[in-house]
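The structure appears right after this line, and notes come after that.
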Amino acid sequence: MSERVQRSSADEWDQLLVGAHIATMRTGGRAYGELPDTALAIKGERIAWLGPTAEGRRLAANKNIDVQDLQGLWITPGLIDCHTHLVYGGNRVAEFEQRLCGVSYEDIARAGGGIQSTVRATRAASAAALQESALVRLRRLMAEGVTTIEIKSGYGLELSAERRLLEVARDLGERLPVSVRKTFLGLHSLPPEFAANRQEFVHRVSGPWLDALAAEGLVDAVDAFCENIAFSVEETRQLLAAAKTLGLAAHVHAGQLSDMGAAELAAQWGALSADHLEYLSASGARAMAAAGTVAVLLPTAYFTLRQTTPPPVALLREAGVQIAVATDCNPGTSPCSSLLTAMNMACTLFGLTPEEALSGATRNAARALGIQNDVGTIATGMRADLAFWRIERPAELAYGLGANPCVGVMYGGRLRGELLRTAAVVR
Ligand code: DI6
Ligand code: FE
């Protein structure tokens with residue numbers, strides 16, 4: 001009986017992958033959730049079956065199914081970059097030079113540079129120009145196995161420019177096979193035209209602007225930069241409350257430069273993630289664990305700002321907080337379009353294990369976006385978003401600097417890349 005069920009489902013498989021090491025990134029089994037001697041069947045956009053190689057071959061025999069022998073490659077879930085500011089105008093290379101002459105990030109921000117200089121360049125840029133520059137960065141990420149990316153607005157800070165950023169983010173996902181999650185980072189920095197009227201700005205962001213953008217289907221989640229150079233806990237709370245009313249998810253930039261209690265706030269409002277967390281108290285970590293709020297670590301921003309206080313990783317582990325890792329790709333604090341580099345730095349600078357770093361860019365990144373039932377692990381029923389690697393063991397993904405062992409990427413069952421040429425197509 002069970003064989004008949006399996007046989008009838010095998011009739012519907014499109015592809016069977018054999019001869020690979022599979023790192024499912026599921027918990028509870030071997031390291032990296034590795035499944036030895038396992039074949040993976042795909043039907044349409046989804047993983048249809050995982051089981052012993054010999055059985056997979058037998059079920060697929062004499063059927064119209066593509067059987068590919070991957071000859072020792074590793075398969076992981078497609079990587080997920082769960083925190084980026086991918087779309088922006090201009091760059092901040094002059095500020096990079098200033099910082100190297102001793103001017104601090106905060107001083108530059110207070111003098112009207114920093115985020116504000118990117119806001120000026122972004123407001124002046126056309127949608128086409130924004131898309132072209134973001135495409136370059138997105139293609140680099142995708143070449144490293146990224147299949148889902150979160151993209152924040154936050155460099156427009158007026159309704160029309162924020163809309164343009166979110167539309168560009170949406171369009172990137174339509175132009176390329178990658179899945180895009182769109183976050184309205186309305187409270188990123190106070191724009192100069194509201195310098196004398198903070199309250200009015202927070203009111204507009206949390207009220208009419210959020211309502212309009214959400215109604216246009218441009219917002220999956222909101223975000224706020226809760227920091228002494230940006231927005232207070234009370235101001236952030238207003239945006240989180242508005243998001244909750246609309247049934248939208250939330251993220252919070254918390255504890256990047258100081259501990260203002262933003263992690264507690266994020267947890268209290270059931271935010272999916274609190275991000276950065278260089279400055280985090282034990283009570284903040286406990287609150288996050290209790291609420292299931294994921295800690296998104298951004299080591300390339302820490303590196304760029306040459307910070308010296310890493311996030312309290314031991315505390316996060318002890319409290320049982322799930323840890324994700326992302327690029328924070330942005331022109332100011334993380335001009336980085338390499339998630340593998342972020343994974344490396346999560347290990348070398350923050351002390352994560354390579355397995356934690358890879359979980360952070362797959363399973364826990366999915367959780368940080370609320371899409372863990374769809375992507376981030378390899379299991380029957382999950383979307384067939386997969387990355388293929390020429391490596392000996394998965395720790396290699398966090399080990400290299402500037403190395404890219406990705407030889408193919410599959411988006412919803414569709415394969416792109418070199419893999420097509422190097423794997424032996426059996427049938
Ligand atoms: N924290 C960051 O690291 C980015 N935004 C934020 O709130 C940096 C933004 C920038 O400097 O352009
Ligand atoms: Fe950020």
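The values are calculated or read from the model by the stated rules, or taken from the named source; none is laboratory data. Keep in mind it's a predicted model, so treat the numbers as computed, not measured. Because the Cβ atoms are built from the backbone with ideal geometry, glycine has one as well, and the counts that use them run over all protein chains shown. Accessible surface is based on the protein model in full, side chains and every heavy atom, while ligands, DNA and RNA are left aside. Shrake-Rupley method; radii C 1.70, N 1.55, O 1.52, S 1.80 Å.
Of all residues in the range 136-172, how many are crowded, with 18+ Cβ neighbours inside 10 Å and either of a type outside the set (D, E, K, R) or assigned to a loop (DSSP other than H, G, I, E, B) (or both)? So the count comes out to 21.
Among residues of the range 260-287 being of a type in the set (D, E, K, R) and farther than 22 Å from Asn330 by Cα, the one that is farthest from ligand 1 (Cβ to nearest atom) is Arg286. Looking for whichever is within 13 Å of ligand 1 (Cβ to nearest atom) and of a type in the set (Asp, Glu) here; the options are Glu97, Glu106, Glu167, Glu132. Which one fits? Result of the check over Glu97, Glu106, Glu167, Glu132: Glu106.
Looking at Arg306, Arg317, which one is away from ligand 1 (no atom under 15 Å from the Cβ) and basic (Lys, Arg)?
Numbers: Arg306 fails: away from ligand 1 (no atom under 15 Å from the Cβ).
Matching residue, one of Arg306, Arg317: Arg317.
State which residue is farthest from Asp328 (Cα to Cα) when the search covers only the range 362-385 and only residues that are of a type in the set (S, T, N, Q) and without any contact (Cβ under 8 Å) to a residue 24 or more places away in the chain. It comes out as Asn373. Does the range 281-312 hold any residues that are over 30 Å from Glu97 (Cα atoms) and either open to solvent by 10 Å² or more (accessible area, probe 1.4 Å) or under 17 Å from the mean Cα position of the chain (by Cα) (or both), and which are they? Once the filter is applied, which keeps residues that are over 30 Å from Glu97 (Cα atoms) and either open to solvent by 10 Å² or more (accessible area, probe 1.4 Å) or under 17 Å from the mean Cα position of the chain (by Cα) (or both), the range 281-312 yields Ser281, Ala282, Ser283, Arg286, Ala287, Ala289, Ala290, Ala291, Gly292, Thr293, Val294, Ala295. Scanning the range 178-198 for residues that are within 25 Å of Ala263 (Cα to Cα), touching a residue at least 40 places away in the same chain (Cβ under 8 Å) and more than 24 Å from the chain's Cα centre (by Cα) turns up Leu190, Pro191.
Do we have Phe201 as touching a Phe, Trp or Tyr at 6+ places or on another chain (Cβ under 6 Å), open to solvent by 10 Å² or more (accessible area, probe 1.4 Å) and either over 30 Å from Ala111 (Cα atoms) or free of Cβ contacts under 8 Å to residues at least 12 places away in the same chain (or both) here? Steps first, please.
Numbers: touching a Phe, Trp or Tyr at 6+ places or on another chain (Cβ under 6 Å): yes; open to solvent by 10 Å² or more (accessible area, probe 1.4 Å): no; either over 30 Å from Ala111 (Cα atoms) or free of Cβ contacts under 8 Å to residues at least 12 places away in the same chain (or both): yes.
Spelling it out, it is not the case that Phe201 is touching a Phe, Trp or Tyr at 6+ places or on another chain (Cβ under 6 Å), open to solvent by 10 Å² or more (accessible area, probe 1.4 Å) and either over 30 Å from Ala111 (Cα atoms) or free of Cβ contacts under 8 Å to residues at least 12 places away in the same chain (or both).
Here the strands (runs of 3 or more DSSP E) wholly within the range 47-134 that include at least 3 residues being away from ligand 2 (no atom under 16 Å from the Cβ), open to solvent by less than 20 Å² (accessible area, probe 1.4 Å) and at pLDDT 95 or above are 74-77. The listed residues are Leu210, Leu185, and the only one of them that is modelled with pLDDT of 95 or more, away from ligand 1 (no atom under 15 Å from the Cβ) and among the aliphatic types (A, V, I, L, M) turns out to be Leu210. Of everything in the range 241-259 that's surrounded by fewer than 24 Cβ atoms within 10 Å (Cβ to Cβ) and within 16 Å of ligand 1 (Cβ to nearest atom), which residue is farthest from Ala109 (Cα to Cα)? Once the filter is applied, the top-ranked residue is Asp259.
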